[in-house]
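Have a look at the structure below before the remarks.
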Amino acid sequence: MDSEEDRRWLRTAIELSRRCPSSTAAYAVGAIVVAADGAEVSRGYSREGMPFVHAEESALAKLAGTGTDLSGATMYTSMEPCSARRSGPRTCAELIVAAGLTRVVLALREPPVFVHCVGVETLRAAGVEVVMIPDLGAEVVAVNAAVLGR
Ligand SMILES: [Zn+2]
């Protein structure tokens, strides 16, 4: 079930995705990590400071070594966390599971332009609750017009 709180955070993640350096070879994604108490603990976006970093990866990297309690935390991401990628050793779905997050809220499943993504299935198989709010997906498509050509 999604809530008004979920929609608000997801909209903020979509707004964040507009900051991604433009690319026709990769998506522009924004991601925000919110702890169980409802406070934001990290955020990231695609190609933030590094050419191939993914949004979820960037947000989680900032938490490494901080001792932040991520039990019950939610990852809000404008697009489905990757289950296959052309750059980087670990997928975002793997990183989310490894970090101990228990919930992911997303707007758009990854369109099959670069790889066949099964991030939602991968996360659910690992016991992560996945909530999709597809009516916000059109905005994510618009942000990714350079890749999706519409
Ligand atoms: Zn990724």
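PHE114 meets each of the listed conditions (1) part of a loop (DSSP other than H, G, I, E, B); (2) free of Cβ contacts under 8 Å to residues at least 60 places away in the same chain apart from (2). Being of a type in the set (Asp, Glu) and touching a residue at least 60 places away in the same chain (Cβ under 8 Å) holds for only one residue in ASP6, ASP37, and it is ASP6.
From the list SER17, SER46, the lone residue that is farther than 22 Å from ALA125 by Cβ, within 16 Å of the ligand (Cβ to nearest atom) and touching a residue at least 60 places away in the same chain (Cβ under 8 Å) is SER17. Report, by residue number, each residue of the range 62-89 that is within 15 Å of the ligand (Cβ to nearest atom), touching a residue at least 24 places away in the same chain (Cβ under 8 Å) and not hydrophobic (A, V, I, L, M, F, W, C). The answer is TYR76, THR77, SER78, GLU80, PRO81, SER83, ARG85, ARG86, SER87, GLY88. The residues of the range 35-59 that are touching a helix residue (DSSP H, G or I) at 6+ places or on another chain (Cβ under 6 Å), open to solvent by less than 20 Å² (accessible area, probe 1.4 Å) and not in a loop (DSSP other than H, G, I, E, B), listed by number, are SER42, GLY44, GLU56. Checking each residue in the range 86-97 for being more than 16 Å from TYR45 (Cα to Cα) and part of a loop (DSSP other than H, G, I, E, B) picks out ARG86, PRO89, ARG90. What is the residue count in the range 90-113 for residues that are open to solvent by 60 Å² or more (accessible area, probe 1.4 Å) and within 12 Å of the ligand (Cβ to nearest atom)? Going through the range 90-113 one residue at a time, the tally reaches 2. Summed over the range 59-76, the residues that are modelled with pLDDT of 95 or more, among the hydrophobic types (A, V, I, L, M, F, W, C) and closer than 14 Å to GLU40 by Cβ give a count of 5. May I ask you to list the residues in the range 123-138 that are within 19 Å of GLU4 (Cα to Cα) and open to solvent by 60 Å² or more (accessible area, probe 1.4 Å)? Of everything in the range 123-138, those that are within 19 Å of GLU4 (Cα to Cα) and open to solvent by 60 Å² or more (accessible area, probe 1.4 Å) turn out to be GLU129, MET132, PRO134, ASP135, ALA138.
Do the conditions hold for ALA28, that is, is it modelled with pLDDT of 95 or more and not in a loop (DSSP other than H, G, I, E, B)? The answer is no for ALA28.
Checking each residue in the range 23-34 for being surrounded by 13 or more Cβ atoms within 10 Å (Cβ to Cβ) and more than 14 Å from the chain's Cα centre (by Cα) picks out only SER23.
Working only within the range 122-150, note down all residues that are under 15 Å from VAL105 (Cβ atoms), hydrophobic (A, V, I, L, M, F, W, C) and not in a helix (DSSP H, G or I). VAL128, VAL130, VAL131, MET132, ILE133 - these are the residues of the range 122-150 that are under 15 Å from VAL105 (Cβ atoms), hydrophobic (A, V, I, L, M, F, W, C) and not in a helix (DSSP H, G or I).
The values are calculated or read from the model by the stated rules, or taken from the named source; none is laboratory data. Because the structure is predicted, anything quoted here is derived from the model rather than measured. Neighbour counts run over all protein chains shown; Cβ positions are idealised from the backbone, glycine included. These area figures cover heavy atoms from the full protein model, side chains too; ligands, DNA and RNA do not enter into them. Shrake-Rupley method; radii C 1.70, N 1.55, O 1.52, S 1.80 Å.
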